[in-house]
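Asker: Mind having a look at this structure? Questions to follow.
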Amino acid sequence: GRLYLNKVFHISATKMFELLFTDSGFIRRFMNVRKITNASFTPWQKDASGNMKRSLNYTITISNPLIGKFSTATEHQTLYKESRDGHYLVDSEVYTHDVPYHDYFYTQNHYSIKSNSKRKCRLRVYTDVKYKKQPWGLIKSFITKNSWSGIEDYFRQLEAELLEEEAEINQGGGEL
Ligand code: YK8
């Protein structure tokens, strides 16, 4: 796997969790920017093991002309019960249903939001491309290469949008 994002933001851990993992204005705007449409979210619900789970469905727009313009996707998120106010751990599995070789792979993202101080947190995102069945070597490297470039682009933009949000949250200073 790879670490795609590792950065301290002047945003509290709780606020960061809300921005990324609730139906927030931020995530709606970000999806708009990424041309992610038809989004639907289930509410967070506790499962038998005590973790919280939710699912998202959406349509992604793909810029790679080899692949086609759109794909539906499903994302299953788990908020681990070990999470506390100061440290949120979320796993997400992303299935892209309409891309070539979609039945071979999915993407696993680990998010860690850790409080640094009252108004700061570190956001880390660690990503892996997982295989459900082993494709032919050349196909595998093709999938991996195309996935990584798409994921890198996504998290680079997420970081940029979070920096804008951070500026907005902190402008004027001393509020609250
Ligand atoms: C989530 C990983 C792979 C996929 C894509 C597939 C290439 C197919 C390879 C063929 C299009 C929002 C990605 C980037 C689509 C977007 C996914 C996002 C960014 C040619 C062999 C969607 C995080 C996420 C995880 C995985 C990404 C897909 O929150 O290249």
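The values are calculated or read from the model by the stated rules, or taken from the named source; none is laboratory data. None of the values given here were measured: they were computed from a predicted structure. Ideal geometry is used to build each Cβ from the backbone, glycine not excepted, and the neighbour counts take in all protein chains shown.
Asker: Let me confirm something: among I62, I27, I67, which residue is surrounded by 15 or more Cβ atoms within 10 Å (Cβ to Cβ) and under 18 Å from E161 (Cα atoms)?
Answerer: I27
Asker: Looking only at the range 55-99, count every residue that is within 10 Å of the ligand (Cβ to nearest atom) and outside any strand (DSSP E or B) and tell me the total.
Answerer: Total meeting the criteria: 8.
Yes or no, residue by residue, for (1) at pLDDT 95 or above; (2) surrounded by 12 or more Cβ atoms within 10 Å (Cβ to Cβ); (3) part of a helix (DSSP H, G or I):
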| position | (1), (2), (3) |
| --- | --- |
| C121 | yes, yes, no |
| V125 | yes, yes, no |
| D128 | yes, yes, no |
| Q134 | no, no, no |
| F142 | no, yes, yes |
| N146 | no, yes, yes |
| Y154 | yes, yes, yes |
| L163 | yes, yes, yes |
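Asker: Kindly indicate whether R122 is over 20 Å from R156 (Cα atoms) and of a type in the set (K, R).
Answerer: No.
Asker: Let me spell it out: the conditions are (1) under 20 Å from the mean Cα position of the chain (by Cα); (2) at pLDDT 95 or above; (3) not in a loop (DSSP other than H, G, I, E, B), and G150 meets all of them except one. Which number is the exception?
Answerer: With (1) under 20 Å from the mean Cα position of the chain (by Cα); (2) at pLDDT 95 or above; (3) not in a loop (DSSP other than H, G, I, E, B) applied to G150, the lone miss is (2).
Asker: From E159, E152, E168, which residue is out of contact with any Lys or Arg (no Cβ under 8 Å at 6 or more places or on another chain) and away from the ligand (no atom under 11 Å from the Cβ)?
Answerer: Among E159, E152, E168, only E168 is out of contact with any Lys or Arg (no Cβ under 8 Å at 6 or more places or on another chain) and away from the ligand (no atom under 11 Å from the Cβ).
Asker: On to the next question. Can you pull out every residue in the range 20-63 that is of a type in the set (D, E) and within 15 Å of the chain's Cα centre (by Cα)?
Answerer: D23
Asker: May I pose another question? Which residues, counting only those in the range 112-137, are within 13 Å of the ligand (Cβ to nearest atom) and in contact with a His (Cβ under 6 Å, 6 or more places away or on another chain)?
Answerer: Y126
Asker: Among the residues of the range 100-111, count how many are closer than 23 Å to S40 by Cα, within 10 Å of the ligand (Cβ to nearest atom) and either in a strand (DSSP E or B) or out of contact with any strand residue (DSSP E or B) (no Cβ under 6 Å at 6 or more places or on another chain) (or both).
Answerer: 6
Asker: Moving to a separate point now. Quickly run through the range 22-40 and pick out the residues that are in contact with a helix residue (DSSP H, G or I) (Cβ under 9 Å, 6 or more places away or on another chain) and among the hydrophobic types (A, V, I, L, M, F, W, C).
Answerer: F26, I27, F30, V33, I36, A39
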